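Working notes for the structure below.
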Amino acid sequence: MSIRVMVVDDHPMWREGVARDLTEAGHQVVATSGEGRQAVRVAAAARPDLVVLDLQLPDISGVEVIRGLRAALPDVRVLMLSASGEPQGVLDAVKAGATGYLTKSAAPAEFLDAVRRTAAGEPVFTPGLAGLVLGEYRRLAAAPPAPHDEAPRLTERETEVLRLVAKGLSYKQIADRLGLSHRTVQNHVQNTLGKLQLHNRVELTRYAIERGLDD
């Protein structure tokens, strides 16, 4: 499946190399940028499915870029590709709306797999970072939950999928465990996000943990 991708990185050789790898893999690189503010403006016109984004940019941070992208294109996926795996930067990016986070030490095959999976809405992290993010979900969930009106009614299958999301399983792992297709799991997650008026997996996981669905 060809994915429309935008590459944002302030190092021209790295940016061009990533764009070349994506093109050779059959994806469509619709735009590139070396600055954060420009990236947000260009993305609004180019309408990529996925933005590959560096955390450190010369004008504004990658976290600020994510917020701008999400405001302009609510459905866009963001895959961070950064030299830094510093925990706070990772968590800030995920909270802002990044779907995945890879360090630049990732192998080309790992990167291209992450592009495909992130574009499909599946969280992808460099080994070691997934546990960090799940731990932060749990810490956030320990805070008093925001008041809710009567909880929306989820189907039995949606609740089952939500429980496995809260345990930190990937979409592929959930699909294998429940005997479903990857796309069916995606659809259940998207339906659940809509019913609960949540925006991303961070919020969804917090919701589940607050309600004890990760036991």
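The values are calculated or read from the model by the stated rules, or taken from the named source; none is laboratory data. As the structure is a prediction and not an experimental result, all values here were calculated from the model. Here the Cβ is made from the backbone with ideal geometry for all residues, glycine too, and neighbour counts use every protein chain on show. Side chains are part of the model used for accessible areas, which takes the heavy atoms of the whole protein and leaves out ligands, DNA and RNA. Shrake-Rupley method; radii C 1.70, N 1.55, O 1.52, S 1.80 Å.
Across the chain, the volume of the C-alpha convex hull divided among the residues equals 121 Å³ per residue.
Accessible surface area normalised per residue over the chain is 49 Å², counting heavy atoms of protein chains with a 1.4 Å rolling probe. Across the options Ser82, Pro108, Leu53, the greatest Cα extent toward the positive end of the charge dipole of region 1-122 (unit charges at beta carbon of Lys, Arg, Asp, Glu) belongs to Leu53.
Projected onto planes of every orientation and averaged, the convex hull of the alpha-carbon atoms in region 86-130 covers 3.0 nm².
A protection proxy built from the mean count of other Cβ atoms within 10 Å ranks the segments 110-116, 201-207, most packed first, as 201-207, 110-116. Relative to the Cα centre, the charge distribution of the chain, modelled as +1 at Lys and Arg Cβ and -1 at Asp and Glu Cβ, gives a dipole magnitude of about 380 debye.
Got a sec? Charge dipole of the chain, +1 on Cβ for Lys and Arg, -1 for Asp and Glu; which of Ala31, Ile66, Val202 is way out at the positive end? Result: Val202, furthest along the dipole toward the positive end.
When you restrict to C-alpha pairs under 8 Å that are six or more residues apart and normalise by the size of region 1-80, the relative contact order lands at 33 percent. By accessible area, using a 1.4 Å probe on protein heavy atoms only, the chain has 51% of its surface on carbon and sulfur.
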